[in-house]
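Chemist: Dropping the structure in here first, questions after.
The values are calculated or read from the model by the stated rules, or taken from the named source; none is laboratory data. Source: prediction; values computed, not measured. FYI the Cβ positions are ideal-geometry reconstructions off the backbone, even for glycines, and counts take in every protein chain you see. Please note that ligands, DNA and RNA were not included when accessible areas were found on the heavy atoms of the full protein model with its side chains. Shrake-Rupley method; radii C 1.70, N 1.55, O 1.52, S 1.80 Å.
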Amino acid sequence: MAANNLRQIPLTCSGHTRPVVHLDFSDICDSGYFLISACKDGSPMLRHGDTGDWVGTFEGHKGAVWNATLNRNATLAASGAADFTGKVWNAVSGAEIHSFQHKHIVKSVAFDMDSENIVTGSNEKLVRVFNLEQPEAQPEEYAGHTGAIKRALFCRGDKCIISAAEDKTVRLWDRMTGIEVQRLQFNSNPNSLEISSDNHILTISHGSSISFWEIDTLKKLKEVKVPTNVASASLHPDKHVFVCGGEDFKMYKFDYITGNEIESFKGHFGPVHSVKFSPDGELYASGSEDGTLRLWQTTVGKTYGLWKCTEPTDMGNSLSSPREVQAN
């Protein structure tokens with residue numbers, strides 16, 4: 001089937017009323033996988049990852065939600081918001097479990113591998129780790145960034161934390177000593193951090209570039225220039241392609257090995273704030289200033305989720321040419 005005869009038809013997930021600024025997938029669980037979205041409307045939403053069907057909304061924040069994440073088996077969710085809190089939720093019942101108070105907007109939340117801790121990054125320029133077993137205990141604190149934290153993630157078997165901030169740096173912190181052990185300097189603020197599903201590659205978007213780094217050494221593997229200022233990038237689980245989106249409303253797909261652009265799609269009506277591959281790599285999701293999430297097929301023309309591959313039966317029918325993927 002010729003790929004150029006197929007049109008990418010994204011599934012549009014509505015329900016949010018303000019810009020969608022971050023999204024995250026769980027791993028594949030017994031009942032499939034799930035997608036969570038953070039939105040400035042203050043209400044993070046949970047969806048079935050392969051279809052985008054709404055499951056529920058987490059209610060309790062009193063301000064824009066900047067970041068939302070799921071633990072690996074989708075039993076817990078976490079969110080960071082403009083109400084100066086990082087919250088942890090029961091992702092099955094929707095109940096709030098913990099609310100960790102900060103002194104400024106919480107822009108980043110992430111779980112460790114065993115869901116025992118969350119790391120937060122805030123406009124206080126601090127990275128903190130809260131223990132979910134001992135929520136009253138003093139959090140671990142990492143100070144040194146001179147700008148608001150954009151993203152913070154556990155890495156290297158949860159022994160370290162990697163953080164990106166509006167000081168044009170990405171920093172690595174050792175949790176045993178509490179000190180900064182490595183630093184990457186950029187010409188513009190890093191916008192997104194992603195660690196590959198095999199925990200080997202760190203993907204960083206900055207300016208109109210995406211760079212890839214070995215997570216265990218922070219040695220640069222490659223850097224690719226893209227046609228727009230990039231807000232977010234995601235590497236396919238098989239590491240053969242990556243996708244990104246930013247200011248020009250488009251979704252781009254690139255060959256990871258060669259760095260060549262494979263295709264681009266205009267689907268959103270505003271800048272793209274977040275992109276992420278599903279855990280099986282069959283689709284990628286995007287969240288935009290236009291208030292929607294969209295799901296895109298990695299391989300256009302494959303029957304998957306709500307996409308059904310239809311072939312023309314009556315060649316005389318003007319609607320049946322070219323072959324097209326239809327989203328039900």
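Yes/no matrix, rows are residues, columns are (1) open to solvent by 10 Å² or more (accessible area, probe 1.4 Å); (2) over 17 Å from the mean Cα position of the chain (by Cα); (3) at pLDDT 95 or above; (4) within 18 Å of Ser196 (Cα to Cα):
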position: Lys239; (1), (2), (3), (4): yes, no, yes, yes
position: Ala285; (1), (2), (3), (4): no, no, yes, yes
position: Glu289; (1), (2), (3), (4): yes, no, yes, no
position: Leu293; (1), (2), (3), (4): no, no, yes, no
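Chemist: For the stretch 150-172, give me each residue that is in a strand (DSSP E or B), of a type outside the set (Lys, Arg) and farther than 15 Å from Ile118 by Cα. Reasoning before the result, please.
Modeler: Step one: of the stretch 150-172, the residues in a strand (DSSP E or B) are 150-155, 160-165, 169-172.
Remaining after also requiring of a type outside the set (Lys, Arg): 152-155, 160-165, 169-170, 172.
Passing the criteria: Ala164, Ala165, Thr169, Val170, Leu172.
Chemist: Taking the stretch 201-223 as the search range and keeping residues that are in a loop (DSSP other than H, G, I, E, B) and not hydrophobic (A, V, I, L, M, F, W, C), which one is most open to solvent (accessible area, probe 1.4 Å)?
Modeler: Step one: list which residues in the stretch 201-223 are in a loop (DSSP other than H, G, I, E, B), which gives 207-208, 215-219.
Imposing the further condition that a residue be not hydrophobic (A, V, I, L, M, F, W, C) reduces the set to 207-208, 216-217, 219.
Values: Gly207: 17, Ser208: 31, Asp216: 93, Thr217: 65, Lys219: 115 Å².
So the residue we want is Lys219.
Chemist: What about Ser79, is it at pLDDT 95 or above, more than 29 Å from Thr299 (Cβ to Cβ) and open to solvent by 20 Å² or more (accessible area, probe 1.4 Å)?
Modeler: Working: at pLDDT 95 or above: yes; more than 29 Å from Thr299 (Cβ to Cβ): yes; open to solvent by 20 Å² or more (accessible area, probe 1.4 Å): no.
When the stated conditions are applied, Ser79 does not pass them.
Chemist: I need the full set of residues from the stretch 56-90 which are within 15 Å of Leu23 (Cα to Cα) and of a type in the set (A, V, I, L, M), in order please.
Modeler: Across the stretch 56-90, the qualifying residues are Ala64, Val65, Ala68, Leu70, Ala74, Leu76, Ala77, Ala78, Ala81.
Chemist: So which strands (runs of 3 or more DSSP E) stay within the stretch 1-108 end to end and still have 2 or more residues that are closer than 21 Å to Leu193 by Cβ and either in contact (Cβ under 8 Å) with a residue 60 or more places away in the chain or touching a strand residue (DSSP E or B) at 6+ places or on another chain (Cβ under 8 Å) (or both)? Before the answer, list the steps.
Modeler: Details: elements: 11-13, 20-25, 34-39, 45-48, 54-57, 65-70, 76-81, 85-90, 96-101.
The qualifying strands (runs of 3 or more DSSP E) are 20-25, 34-39, 65-70, 76-81, 85-90.
Chemist: When you scan the stretch 271-294, how many residues do you find that are over 18 Å from Leu306 (Cβ atoms) and in a loop (DSSP other than H, G, I, E, B)?
Modeler: Going through the stretch 271-294 one residue at a time, the tally reaches 4.
Chemist: Find the residue count for the stretch 131-149, including only residues that are surrounded by fewer than 23 Cβ atoms within 10 Å (Cβ to Cβ) and in contact with a strand residue (DSSP E or B) (Cβ under 6 Å, 6 or more places away or on another chain). Break it down into steps so the answer makes sense when it comes.
Modeler: Of all residues in the stretch 131-149, those surrounded by fewer than 23 Cβ atoms within 10 Å (Cβ to Cβ) come to 131-141, 143-144, 146-148.
When the remaining residues are screened for being in contact with a strand residue (DSSP E or B) (Cβ under 6 Å, 6 or more places away or on another chain), the result is 131, 135, 137, 139-141, 143-144, 147.
Qualifying residue count, the stretch 131-149: 9.
Chemist: Could you list, in sequence order, the residues of the stretch 27-68 that are open to solvent by 10 Å² or more (accessible area, probe 1.4 Å) and within 23 Å of Ser122 (Cβ to Cβ)?
Modeler: Residues satisfying the conditions are Lys40, Asp41, Ser43, Met45, Glu59, Gly60, His61, Lys62, Gly63, Ala64, Trp66.
Chemist: Okay, next question. Quick test for you: out of Leu6, Leu46, pick the one residue that is under 27 Å from Val129 (Cα atoms) and not β-branched (Val, Ile, Thr). Quick ask: steps written out before the conclusion?
Modeler: Values: Leu6 fails: under 27 Å from Val129 (Cα atoms).
Only one candidate passes the filter, namely Leu46.
Chemist: Let me ask you something else. Can you pull out every residue in the stretch 261-283 that is surrounded by fewer than 18 Cβ atoms within 10 Å (Cβ to Cβ) and basic (Lys, Arg)?
Modeler: Passing the criteria: only Lys266.
Chemist: Of the residues that sit in the stretch 173-200 and are in contact with an Asp or Glu (Cβ under 7 Å, 6 or more places away or on another chain) and assigned to a strand (DSSP E or B), which one is surrounded by the most Cβ atoms within 10 Å (Cβ to Cβ)?
Modeler: Trp173
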